[in-house]
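The values are calculated or read from the model by the stated rules, or taken from the named source; none is laboratory data. What you are looking at is a predicted structure, and each value in this text was computed from that prediction instead of being measured. All Cβ positions, glycine included, derive from the backbone under ideal geometry; neighbour counts span all protein chains shown. In case anyone asks, the SASA skips ligands and DNA or RNA and just uses the protein heavy atoms, side chains included. Shrake-Rupley method; radii C 1.70, N 1.55, O 1.52, S 1.80 Å.
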There are 2 protein chains.
Amino acid sequence: MSSKKPTVYDVAKEAGVSIASVSRALRKPESVRPATRELIDRAIERLGYVPSGSAQSLAARRTGVIGLFMSNLDELDDLQDFTLSSVDDARVKIDPTHHTDYHRNDSLYYDQVLRGCELETWRRGLSLMVNLGLDRNEKGLTQLAGEMAGKVDGLIVMARSVPDSTLEFLKRRVPVVMVADAPSDNEAGYDLVRVSNRKGMRKLVQHLIDTHHVDDFAYIAGPDDSPDNHKRYVGFCEGLRSRDINPETVPIYRAGFSFTVARTITLDMVTRHKIPRALVCANDQMALGVCKALTDSNIRIPQDVIVTGFDGIKESETNAPRITTVSQPMRNLGRAAVSTMVQRLENPDAEPYAIELPVTLLLRESSEGEISKKRPATNI
Amino acid sequence: MSSKKPTVYDVAKEAGVSIASVSRALRKPESVRPATRELIDRAIERLGYVPSGSAQSLAARRTGVIGLFMSNLDELDDLQDFTLSSVDDARVKIDPTHHTDYHRNDSLYYDQVLRGCELETWRRGLSLMVNLGLDRNEKGLTQLAGEMAGKVDGLIVMARSVPDSTLEFLKRRVPVVMVADAPSDNEAGYDLVRVSNRKGMRKLVQHLIDTHHVDDFAYIAGPDDSPDNHKRYVGFCEGLRSRDINPETVPIYRAGFSFTVARTITLDMVTRHKIPRALVCANDQMALGVCKALTDSNIRIPQDVIVTGFDGIKESETNAPRITTVSQPMRNLGRAAVSTMVQRLENPDAEPYAIELPVTLLLRESSEGEISKKRPATNI
DNA sequence: GAAACAATTGTATGCGCTTACATCTGCTTT
DNA sequence: AAAGCAGATGTAAGCGCATACAATTGTTTC
C-alpha cells in the first residue's frame, strides 16, 4: 500500500482538471466531454483511486447501505473469547454424535432471509450491513442499533429482534422495514413484509378435515410474542370454524418454536395416552420434535397420527417421514424487504407499505402416507 | 419522522455547550465534567440524536466497518427480476420432490464463515458489510469490490471469489485478509487464514491404511483453481508416500466440488467395474454424490467401498451412512479472519500474518462400519 | 489570598466529496 | 462577424464530525 490514499484532488491534478469534473465523471459521465472523461479515467487508473465512501455519503446525504438487524439470542452461550493460536496438528475422533456448531433454532430461516437481502441489495447496487443484535440488555441493544442507524439509509428489522422502545427510537432516525406478520393492533409507522401465515394455516387445516376427515386436533404453538405464531393460530381457528369445529375444544401446547420442548411435550402426551389424530405445529422445528417423540414411541406417522409443520425448512424434507408443511418463500422475504425499503427511500411520505407474500402448502408423507415420487408437482 | 435529523450543532445548542464538548462526551466521556455530560446526554435524548456514521468516519479516518467479500457463481441462474406483487392465496401442492431455493454448493460453508465474521465483528464493536460479488464479468466485479473498499477499513475475501487482478487492485486501497489455503507460490502481500488441509487429509489417509489396510484408492478432486483443493491433494499424496504407496498409481477424478459430477463419475466407475477399496473425496458434497451413486448401485458402504469427505457440513452427518470426514472449524475461520484484520489495522506495517486453524478427523460409518452411539467422543 | 498549574471548554480547521452557481468554450444564428 | 446560447468546466460552500490549539475555569500551594 502506498503512503497515502489518493483523493479527488490528486486525481484532478493528475488529469489537469478541477475536482468538480472528477466528481462528475464518476457520478454522471454523460455530463462531461468524452475527451476529458478519458483524461480523468486514465488518471484514476494510474493512481488506483477509489472514492471515499464516507465522504460521498456525507456530501450526498445517503450511504447506499441498507442495514439488516436480526437477533439470535440462543447463540450467546457459545460465545467465548476467541483468540488466535496456532495448533499444530489434526485431531482425530470417533464420532457417535458429533455436534457441530451450526445447530441453531431458526437458523435456516434467518440464513435464507439474509441471503435474499444480499441478493436484492446487490442487484440494486446497494450494500448490506448485517448485525446480529446480540446484546443482552436493552440499553446495549438500543446503542448497537443506534450505531447502525447512523451508518445506513434504512433498517430492515427481523421480528422479535428488538424491543418496541428500541424500535421507536430507530424509527425517528431512519426508515424501518419490519419482517414479521402484523401485530394485532395495526402498524406503528413502519413498513411490513410478511407471509400469508393465516391463510396458509387455514388451508392446511381445511385440507386435513376435508381429505383426511380429521376431527381430533392438538395445536403446538410457538412463543406468545411472535406475531407470526399468533397469525398461524388465528388461521388454525378459522379453518376449524369453517368446518364447524369449535377451536375451544382443541388443546394447545406451547413449545416456543423449540424442537426439544415439542419432543418432551409429545412424549408426555404419549404417556398420558392423550394423542389426537392430528398434531398441527406452528413451525417445522417443533414438528420434527414431535415426529421424533412419536417414532421413538413406535407410533406410526401418518397412520396413527398426522403431523404438520410450518416454514418449509430443509429438515422437513430430509426427515423420515417428510413433513407436510406450509412453505414460506424465505429468500423472497429478504428480497421483498429490500425492495420495500428502496421504495420507501424514494418515497418517504407514502403510506406505510404492507407486503404479503404467498405461501405454499406442501403435502407430504407425514399427512398423506406414501407419495409416488414419480408424480409431478400438482397445483390444486 | 421529524423534519430534519439533528446534528452535533443542534445538540450543542440544546445543551448550551460547544460542539467539541458534545463530540467529546460521546468519544471519551471521562474527559468531560459529569455535570456537563449529564446536560449533553439529556439533550441527546430529547432530540433523539444519532451521530452520522459518514461524518464520523470521514473525520476520524476510519469507518469501523469490515467488509466480507464472497462469491457465489452458481447462484446467478435463479436470479430473475423480483417484483412486489400481492398474491391473494396459498397454493397447495402434492410434493414428491420439492426443491426449495436453498440448495447451493458450499452453502453451509459460506454461511458458517459468515456467521463467524458477524460474531467477531459484533464482539469487537465493529460492523460487517457483506457482498456476494455476484458479477459476471471482471470489470463489474472490480468496480463492485472497489465500491466496497471505499466503505470499509479492511476487506475479508473468500477464496476464489475475485480474480488476482482485482485482488491486486484492492490491496492498494485497503488491507486484505484472504480466507483460503496458501497458493503454491507464497503470499502476495495480504494476510491469510486457513485450515490444516494438508495435515487433515494426510491423517485421514494414514488412518485408512493403518486401520483398514486399504491399499487401493481413488481420489475425487475439486476444481484446479482452489488452493484448498490443491493442499488436500498434497496431503493425500503425503499420506500415501508415508506408507510406501506411490501416489502416481492412484487414479484422480475431477468433479469440481460438485455433487452431481461426483455421482456421475462414480456411476461410470461402477459400470466399468473400476471401483477401488476407498474413494477419498476432496469435499463432502462430492462424497455425498459418490455415496448416492454407490447406494443406488447396491454397493455397500463401507463393506464394499469406503467413502470419505472433507469439510464436515451438516449433510455429512445426516446422510445414511454418515460420512467420515475432516471437519473444518468453519465459524472460527470467520472469527479468525476478523481477528486477523483487527490486528492488521492496528499494526499496518507488520509482516503478513498466516493463521492456521486445526481440523478434526471425524471417523464415522462410511469408513468404520457400525459405531456405537453410546460411546462418548474420544480423542486419539 | 495570589500565583501556578491542572482540568475543562471553546474555536477553528479539515476530513474528501457533491453540487449550486459562476465562468468560460465553442457553436449556431442572423 | 457579432450576438446569443447551450454545454462544459471551474469555484466555493457546505455535509457533520474529530481534534489541535487557545482560552477559560477550577484547584492547589505557600
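Any residue in segment B:96-111 that is at pLDDT below 90, within 8 Å of chain A (Cβ to nearest Cβ) and over 30 Å from A:E370 (Cα atoms)? Yes, segment B:96-111 contains at least one residue that is at pLDDT below 90, within 8 Å of chain A (Cβ to nearest Cβ) and over 30 Å from A:E370 (Cα atoms). Checking A:G189, A:G133, A:G154 one by one, the residue that is open to solvent by 40 Å² or more (accessible area, probe 1.4 Å), more than 16 Å from DNA strand D (Cβ to nearest atom) and not hydrophobic (A, V, I, L, M, F, W, C) is A:G189 and no other.
Taking the criterion of being open to solvent by 80 Å² or more (accessible area, probe 1.4 Å), at pLDDT 90 or above and within 16 Å of DNA strand D (Cβ to nearest atom), would at least one residue in segment A:56-69 satisfy it?
Start the filter on segment A:56-69 by keeping residues that are open to solvent by 80 Å² or more (accessible area, probe 1.4 Å), which leaves A:61-62.
Applying the additional criterion that residues be at pLDDT 90 or above yields A:61-62.
Going one step further and asking which of them are within 16 Å of DNA strand D (Cβ to nearest atom), we end up with A:61-62.
Yes: segment A:56-69 contains one or more residues that are open to solvent by 80 Å² or more (accessible area, probe 1.4 Å), at pLDDT 90 or above and within 16 Å of DNA strand D (Cβ to nearest atom).
Restricting the first member to segment A:13-27 and to residues that are open to solvent by less than 50 Å² (accessible area, probe 1.4 Å), and the second to residues that are hydrophobic (A, V, I, L, M, F, W, C) and more than 7 Å from DNA strand D (Cβ to nearest atom), the beta-carbon pairs closer than 6 Å and six or more apart or on different chains are A:A15/A:L39; A:A15/A:I40; A:A15/A:A43; A:V22/A:V8; A:V22/A:V11; A:V22/A:A12; A:V22/A:I40; A:A25/A:I40.
Just a yes or no: is a residue in segment B:325-343 farther than 27 Å from B:R115 by Cα, within 10 Å of chain A (Cβ to nearest Cβ) and either touching a Leu at 6+ places or on another chain (Cβ under 6 Å) or of a type in the set (G, A, S) (or both)?
Quick first cut of segment B:325-343, residues farther than 27 Å from B:R115 by Cα only: none.
So far as segment B:325-343 goes, no, none of its residues is farther than 27 Å from B:R115 by Cα, within 10 Å of chain A (Cβ to nearest Cβ) and either touching a Leu at 6+ places or on another chain (Cβ under 6 Å) or of a type in the set (G, A, S) (or both).
Applying the selection to segment B:1-59, what residues are β-branched (V, I, T), within 11 Å of DNA strand C (Cβ to nearest atom) and within 14 Å of chain A (Cβ to nearest Cβ)? B:V8, the sole residue that qualifies. Answer yes if at least one residue in segment B:44-51 is more than 21 Å from A:S57 (Cα to Cα) and open to solvent by 60 Å² or more (accessible area, probe 1.4 Å), and no otherwise. Yes; the residues of segment B:44-51 include at least one that is more than 21 Å from A:S57 (Cα to Cα) and open to solvent by 60 Å² or more (accessible area, probe 1.4 Å).
For B:K199, the conditions (1) under 21 Å from B:L357 (Cβ atoms); (2) away from chain A (no Cβ under 14 Å); (3) of a type in the set (K, R) are fulfilled apart from (2).
The helices (runs of 4 or more DSSP H) found entirely in segment B:1-67 include none that carry 2 or more residues being touching a strand residue (DSSP E or B) at 6+ places or on another chain (Cβ under 8 Å), farther than 22 Å from B:L345 by Cβ and in the same structural domain as B:V130 (by TED's automatic domain parsing).
All of (1) in contact with an Asp or Glu (Cβ under 7 Å, 6 or more places away or on another chain); (2) open to solvent by 40 Å² or more (accessible area, probe 1.4 Å) hold for A:V261 with one exception: (1).
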